[in-house]
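Here's the structure we're looking at; comments come further down.
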Amino acid sequence: MKPSRWTHESILRLAGERDPITVITERARELVMRAMDAGWIGPPFDPLALATQFLKLEVIASDDVPDARTVATNTGARIEFNPNRPRERRRYSVAHEIAHTLFPDYADRVRHRGSHHADSTPQDWQLETLCNIAAAEILMPIGSLPPPNPAVFSIDMLNRARPKFDVSMEAVLIRTAHIAEFPCAAFAASRLESGSSIGRYRVDYVLPSQTWRSPIARGQLLPDDSVVSQCTAIGFTAKGEETWGVTNETARVESVGIPAFPGSAYPRVAGILIPTDLRSEETHAIKYLQGNVLDLRGGGPKILLHVVNDATPNWGGRGVAAAIRTRWPQVQEDFRDWVASSRANLKLGRVRFFELDRSVTVASAVAQHGYGESATPRIRYSAIENALRQVAQVAAERAASIHMPRIGTGYGGGVWLVIQELITSVLASAGFPVTVYELPSSRTQAQPVLFDVD
């Protein structure tokens, strides 16, 4: 969806001139990274714990609520959910209602799960779509799923991944489309039960990956013989190649029946679309190389990114920072002087850039809290994200490629899948060439070919 399509007042207040999908994803990601830094773990990731322990929201079960809703209180917000709905649905509903609280005007009126409530407005589907995106980010946080491989990607694979996170098919489809490094789109459709087009399916929403280009709009009617119509019960799947939209492009359609809207006699259908002529150059992948990260490959300007801690400006140990200090002592000296000029420069999320020569700039990112042995990881994902955004700005100014080790996974104890997704989201998907170096003796598989569902 293009930003110009959004008309809901709450969305305009949230995003202003920016793309609402990007903004709500950033808000949800910021929330979960703070919680993960504070000890929120999974899978499955518990939205109830996120709401009550980390956000201090009141959450209660109520038979009077068809699905779920968010109600403003004197102290913040209360989430009410129907305890009689299936467990996966309850979890998704609580996550969805948490997403409502990310909007600056959530307290202006009661927010109901779903756009088919009696109090809904014609534009509420827009709000619900964004909350669905945020809910998927909450239930399957950054780094919890590796990017899917298009060669083996299927609705069956997603169904196998679903129990690990205790989520609905709708949630896993939305999240997968968001992290995919190739053109694809998640969709949901519902059967028309009255009117001249009764029996046909209409698109409720389409959520594309960053490289998806085919225009498919909400409200579009699907072909009479679409495989979507074969999903006549929850869990039933159907697959085929079809032409949707205003172009003649053919896509692989894989769909599954999901729970119906309240009051509907037919299940909704969710699924994934993948172009049949998928081209490998349409992906935004990180390049992995074996070798020493200090011996940068390729031509043109380069930025070497590494992580340091917030406790001392002196780089010791045996990591990349110590190797940089040994080969280029001027980088370490400059960092010490920078911190000496203001201790605030050692704050998490700060980055010091030092130009070694016209071709190489070293970026020292403060993203590790303390150093030494620790029972919990010292890396701070939110600090890494802040650092990556600063690196992106400098890389754009200098037309530079970006090079790094597996930042944050050594002494910081971070999970590479989390950091990898941050790098893809902030750098690779924006077109910046990114190379990650690893020594042959420590080389591990960079990207699983299937979701890890064990």
Query - Phi-based couplings in Hz for the range 186-195 (Karplus 6.51, -1.76, 1.60; Gly and Pro marked x) - result: 8, 9, 9, 9, 9, 7, 6, 10, 7, x
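Between residue 5 and residue 74, what FRET efficiency comes out of the Förster formula 1/(1 + (r/R0)^6) with R0 = 30 Å and r the beta carbon distance, rounded to 0.05? Mind dumping the intermediate values first?
Details: r = 36 Å, r/R0 = 1.21.
Between residue 74 and residue 5 the formula returns 0.25.
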Query raised in the report: Which one of 22, 320, 102 is farthest out on the positive end of the charge dipole of the chain, using unit charges on Cβ (Lys, Arg +1; Asp, Glu -1) and the Cα centre as origin?
Result: 320
Requested in this report: Can you tell me how much longer the chain between residue 314 and residue 290 gets when fully stretched, taken as 0.36 nm per residue apart minus their C-alpha distance, in nm with one decimal?
Outcome: 5.9 nm
Report task. Only loop residues by DSSP count here, and only those with at most 13 other Cβ atoms within 10 Å; note down the chymotrypsin sites (Phe, Trp or Tyr not before Pro) in the range 76-181 that meet that. Result -> none
Report summary line: On the accessible surface of the range 4-151, probed at 1.4 Å with all protein chains in place, carbon and sulfur together account for a percent value of 47 percent
Query - Lys/Arg +1, Asp/Glu -1 at C-beta; the range 40-119 dipole; positive extreme among 70, 60, 47 - result: 47
Requested in this report: Please work out which option in [x] 23.5; [y] 27.5; [z] 25.4 gives Kirkwood radius over Cα pairs in Å calculated from these coordinates, and answer with its label.
Outcome: [x]
Query raised in the report: What 222 nm value per residue comes from the helices of the chain, counting each DSSP H run with n ≥ 4 as -39,500 (n - 2.57) and dividing by all residues, nearest 500 deg cm²/dmol?
Result: -9000 deg cm²/dmol
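With the full set of protein chains in place, find how many percent of the accessible area of the range 217-271 is carbon and sulfur; take the probe as 1.4 Å.
Numbers: 1370 of 2710 Å².
So the carbon and sulfur contribution to the accessible surface is 50 percent.
Multiply the residue separation of residue 250 and residue 342 by 0.36 nm, subtract the distance between their alpha-carbon atoms, and state the gained length in nm to one decimal.
On the way: separation 92, 0.36 × 92 = 33.12 nm, distance 5.82 nm.
The residue 250-residue 342 span can extend by a further 27.3 nm.
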Report task. Quick one: dipole size for the chain, taken about the Cα centre, charges +1 on Lys/Arg Cβ and -1 on Asp/Glu Cβ, in debye to the nearest 20. Result -> 880 debye
Report summary line: In Å², rounded to a whole number, the accessible area per residue of the range 152-296 with probe 1.4 Å is 42 Å²
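Can you classify the range 1-156 as rounded, prolate or oblate using the Cα gyration tensor, where a ≥ b ≥ c are the square roots of its eigenvalues, rounded means a/c under 1.5, and otherwise it's prolate if a/b beats b/c and oblate if not?
Working: a/c = 1.38, a/b = 1.09, b/c = 1.26.
The shape class here is rounded.
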Report task. Can you grab the distance from the C-alpha centre of the range 288-362 to the C-alpha centre of the range 1-71, Å, no decimals? Result -> 36 Å
Report task. Evaluate the distance, in nm, between pseudo-label points positioned 7 Å from the Cα of residue 357 and of residue 30 along their respective Cα→Cβ axes. Result -> 4.1 nm
Query raised in the report: Among 138, 203, 148, whose Cα sits farthest toward the positive end of the charge dipole of the range 94-224 (+1 at Cβ of Lys/Arg, -1 at Cβ of Asp/Glu, about the Cα centre)?
Result: 148
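Using a 1.4 Å probe over the heavy atoms of the protein chains, calculate the carbon and sulfur portion of the accessible area of the range 329-429 as a whole percent.
On the way: 2130 of 4370 Å².
In the range 329-429, the share of accessible area belonging to carbon and sulfur is 49 percent.
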Query raised in the report: Of the listed peptides 190-200, 364-374, what is their order by residue-averaged count of other C-beta atoms within 10 Å, with the highest listed first?
Result: 364-374, 190-200
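Find, among the trypsin sites (Lys or Arg not before Pro) in the range 56-164, those assigned to loop by DSSP (not H, G, I, E, B) with at most 12 other beta-carbon atoms within 10 angstrom. Working shown, then result.
On the way: sites: 56, 69, 78, 87, 89, 90, 91, 109, 111, 113, 160, 164; in loops: 56, 109, 113.
Taking the range 56-164 and a limit of 12 other Cβ atoms within 10 Å, the loop trypsin sites (Lys or Arg not before Pro) found are 56.
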Query raised in the report: What whole-number value in Å² describes the accessible area per residue of the range 313-447 for a 1.4 Å probe?
Result: 47 Å²
Report task. Using amide H atoms built 1.01 Å from N in the peptide plane, name the residues 5+ places from residue 360, or on other chains, whose amide H lies under 5 Å from its own. Result -> 302
Query raised in the report: So which trypsin sites (Lys or Arg not before Pro) in the range 309-370 are both in a DSSP loop and have at most 14 other Cβ atoms within 10 Å of their Cβ?
Result: 318, 347, 358
Query raised in the report: Stretched out fully, how many nm does the piece from residue 17 to residue 60 gain, at 0.36 nm a residue minus the Cα gap?
Result: 11.9 nm
Query raised in the report: Using a basic spin-label model with each label point 7 Å from the Cα along Cα→Cβ, how many nm lie between residue 221 and residue 327?
Result: 6.4 nm
Report summary line: SASA check, residue 232, accessible area w/ 1.4 Å probe, all protein chains in place, rounded to nearest 10 Å², comes out at 90 Å²
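The values are calculated or read from the model by the stated rules, or taken from the named source; none is laboratory data. As the structure is a computational prediction, the values presented were derived from the model and not from experiment. Neighbour counts are summed over all protein chains in view; Cβ atoms, including those assigned to glycine, are modelled from backbone coordinates with ideal geometry. These area figures cover heavy atoms from the full protein model, side chains too; ligands, DNA and RNA do not enter into them. Shrake-Rupley method; radii C 1.70, N 1.55, O 1.52, S 1.80 Å.
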